[in-house]
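Just below is one structure, and these are the notes that go with it.
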Amino acid sequence: MSLNFFTLLQLPETFVIDLKKLDQNYQSIQKEIHPDRFASLADEEKKASIKKTAEVNDAYQTLKSPIRRAEYLLHLHDINIHDEKYTAVLQDFLMQQMEWREELETHKQNKEALEKLASDIQKNKNEIMSQLPKFFENKSNLHDAIKVTRELNFIEKIEQHINDALIEII
């Protein structure tokens, strides 16, 4: 099994992390393990360096993203939010999803309307994301962390669809 991402990047295992420290630790580790430093060594050592570099990159990308970090923290508690048993969504959020999708489809060729939709969704995302720290502070509140993380995953997907639509317009 690979090393815990928080341990690998020398950070405490919490939702709220110091992103500057994350960047510094990542850069420091990358300097030590970069494959170019092992170019003159045996193939086995080169492969080990490449593997370690990939693991550090994965850890960095995961911890850098609040949503991926939340998923990873849940994973550390043996919770896979993509498991079928966690698919239930609150009726209000389900209705919100449908409204956003309808609005996206209605305004697919309207740049201003798509930008406004993206802005509204970003505000909603920020409000939802602001709840995550308290859910991870108290480990007994992981059920709410699961719900919020799943909602944020959906929001990320709709944001991507909006960005794709905006690119199509340009």
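Here the relative contact order of the chain, from alpha carbon pairs under 8 Å that lie six or more residues apart, stands at 23 percent.
Phi-derived couplings, Karplus 6.51 cos²θ - 1.76 cosθ + 1.60 at θ = phi - 60°, listed residue by residue for region 129-137: 5, 5, 7, 4, x, 5, 5, 8, 5 Hz, with x used for Gly and Pro. Judged by the mean number of other Cβ atoms found within 10 Å, the most tightly packed of the peptides 151-161, 89-99 leads the ranking 151-161, 89-99. Once the Cβ-Cβ distance of residue 88 and residue 127 is raised to the sixth power relative to R0 = 22 Å, the FRET efficiency obtained is 0.55.
Here each label is just a point 7 Å from Cα along the line to Cβ, and for residue 50 and residue 139 those points are 3.8 nm apart.
Pairs with C-alpha atoms separated by more than 23 Å, drawn from the list 31/51; 64/85; 64/134, are 64/85. Per the Debye formula on identical point scatterers at the alpha carbon atoms of region 75-170, with no solvent, log10 I(q)/I(0) at q = 0.12, 0.22 Å⁻¹ is -0.45, -1.10. Which number comes out as Rg/Rh for the chain once both Rg and the Kirkwood Rh are worked out on C-alpha atoms? Ratio of gyration radius to Kirkwood radius: 1.07.
Projecting label points 7 angstrom from Cα along Cα→Cβ for residue 101 and residue 166 puts them 2.2 nm apart.
No lab work stands behind these numbers, since they all come straight from the coordinates. Please read these numbers as outputs of a predicted model, since none were measured by experiment. Cβ atoms come from the backbone with ideal geometry, glycine included; neighbour counts cover every protein chain shown.
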